[in-house]
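Undergrad: Before anything else, here's the structure in question.
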Amino acid sequence: MDRRSLIFGLLAVSYVNPCGAAAWTLVSKEEFEQDSAAPRFRGFIAPATQAGAPVIEVDQPDETKSINVPVTIRLRFRPQGGAIIDLTSFHATYGWLAIDITQRILEHAQVNASGLLANGADIPAGHHKVTLQVAYNMHRVGTRTFEFTHRIYSGQEMKDLLTRAGLASARVYGDLSGSPYGFDAQRLIAVARRSI
C-alpha cells in the first residue's frame with residue numbers, strides 16, 4: 001500500500017463513521033423505529049407561531065444537506081419588540097410522536113438568550129423531524145419544525161463514489177487493520193489510488 005492510499009484511507013475514517021462517535025444520544029434507534037412505524041395523518045398541521053412571538057432560526061443541522069454524526073445543533077432565538085427570551089420555556093420534541101427530547105439537548109447544550117449550541121449528538125441513520133418551542137417574558141411562544149437526513153453509505157456505494165471521483169482500485173475494510181467490511185463492521189475504511 002503506498003502512502004497516498006494510506007492517507008486517503010485515514011481521511012475516509014473521519015468522513016464515514018457508521019458507528020456513532022458521538023458523546024450523547026439525541027434519539028435512540030428504538031425511538032426512531034417507533035416513530036417511523038407510527039401512522040402519518042393526512043392534513044397534519046404544525047402548531048402555528050403566535051404573532052409577535054420569538055423567532056427560532058436553525059443554523060445547524062443544515063436542512064438542505066445530508067448530515068453525518070456527531071450532529072451539532074445550533075439555534076438562534078430572536079425576540080420581537082424588545083422582549084426577553086425565557087430560557088426555561090425551551091421545549092423540543094422528536095418526530096410524529098412528539099417524543100420529548102428537551103432534557104437530552106439541555107444537558108449537553110450551552111444556552112443563553114440569543115440561542116443554543118449542543119455538540120456531539122448521535123442519531124440513527126434516516127430522516128428526522130424536530131419541533132422546537134421557546135417563549136419570552138410576554139408569554140408568546142415561537143415554534144419551529146425542521147427536518148434533516150443522516151445518511152450512511154454502504155461499502156459498495158463508497159466504492160462507486162470513489163470510482164466516479166476518478167480513483168482506481170477502490171477497496172473497503174472494516175477496520176484499520178484491514179479486516180473485511182461486512183454487516184458487523186464498526187467502521188468503513190475506504191482505500192483507493194489515484195489513476196496515473
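Just so it is clear, none of the values below were taken in a lab; they were calculated from the coordinates. Remember, it's a predicted structure, so these values are computed and weren't measured experimentally. Because the Cβ atoms are built from the backbone with ideal geometry, glycine has one as well, and the counts that use them run over all protein chains shown.
Undergrad: Which of Lys65, Lys129 has the fewest other C-beta atoms within 10 Å, and how do the rest follow up to the most?
TA: Ordered from fewest to most neighbouring Cβ atoms within 10 Å, Lys65, Lys129 come out as Lys65, Lys129.
Undergrad: For Arg164 and Phe41 in the same chain, what is the full-extension length gain: residue separation times 0.36 nm, less their Cα-Cα distance, in nm?
TA: Here the answer is 40.2 nm.
Undergrad: Here's something else I'd like to know. Fewest to most neighbouring Cβ within 10 Å: what's the order for Met138, Met158?
TA: Least to most surrounded, the residues fall as Met138, Met158.
Undergrad: With the crude spin-label approximation of a point 7 Å out along Cα→Cβ, what separation in nm comes out for Gln50 versus Ser179?
TA: Roughly 5.5 nm, to one decimal.
Undergrad: To make sure I understand, if each residue's beta carbon is the centre and we count other beta carbons within 10 Å, what order do Phe32, Phe146 fall in, fewest to most?
TA: Fewest-to-most ranking of Phe32, Phe146: Phe146, Phe32.
Undergrad: Under 19 Å from the Cα of Lys65, which lysines turn up, not counting those fewer than eight places away in the same chain?
TA: Once the sequence-local lysines are set aside, what remains near Lys65 is Lys129.
Undergrad: What FRET efficiency comes out for Trp24 versus Asp62 if R0 is 22 angstrom and r is the Cβ-Cβ distance? Round to the nearest 0.05.
TA: Once the sixth-power term is evaluated, E becomes 0.60.
Undergrad: With an 8 Å Cα cut-off and a minimum separation of 6 or more residues, compute the relative contact order for region 75-171 in percent.
TA: Values: 132 pairs, mean separation 25.9, N = 97.
Contact order relative to length: 27 percent.
Undergrad: Per the Kirkwood treatment, what hydrodynamic radius in Å, one decimal, follows for region 28-150 from the mean inverse distance over all distinct Cα pairs?
TA: Kirkwood hydrodynamic radius for region 28-150: 15.0 Å.
Undergrad: For Lys29, go through the aspartates and glutamates and keep the ones whose alpha-carbon is under 20 Å away, minus same-chain ones fewer than eight residues off.
TA: Asp100, Glu107, Asp122, Glu147, Asp184
Undergrad: Counting Lys and Arg as +1 and Asp and Glu as -1, each charge on the Cβ, what is the dipole of region 28-150 about the Cα centre in debye, to the nearest 20?
TA: Computed charge dipole of region 28-150: roughly 380 debye.
Undergrad: In sequence order, what are the phi-derived ³J(HN,Hα) couplings for region 111-122 according to the Karplus relation 6.51 cos²θ - 1.76 cosθ + 1.60 with θ = phi - 60°, rounded to whole Hz, with x for glycine and proline?
TA: 10, 8, 4, 9, x, 9, 9, 10, 9, x, 7, 9
Undergrad: Subtracting the Cα-Cα distance from 0.36 nm times the residue separation, let me have the gained length for Gln110 to Gln80 in nm, one decimal.
TA: Result for the pair: 8.6 nm of gain on full extension.
Undergrad: I want the local charge near Ile123. Using Cβ-Cβ distances under 15 Å, sum +1 for each Lys or Arg and -1 for each Asp or Glu among the other residues. Present the calculation step by step, with values, prior to reporting the outcome.
TA: Values: positive: Lys29, Lys65, Arg104, Lys129, Arg151; negative: Glu30, Glu31, Glu33, Asp35, Asp62, Glu63, Asp122, Glu147.
Net of charged neighbours comes to -3.
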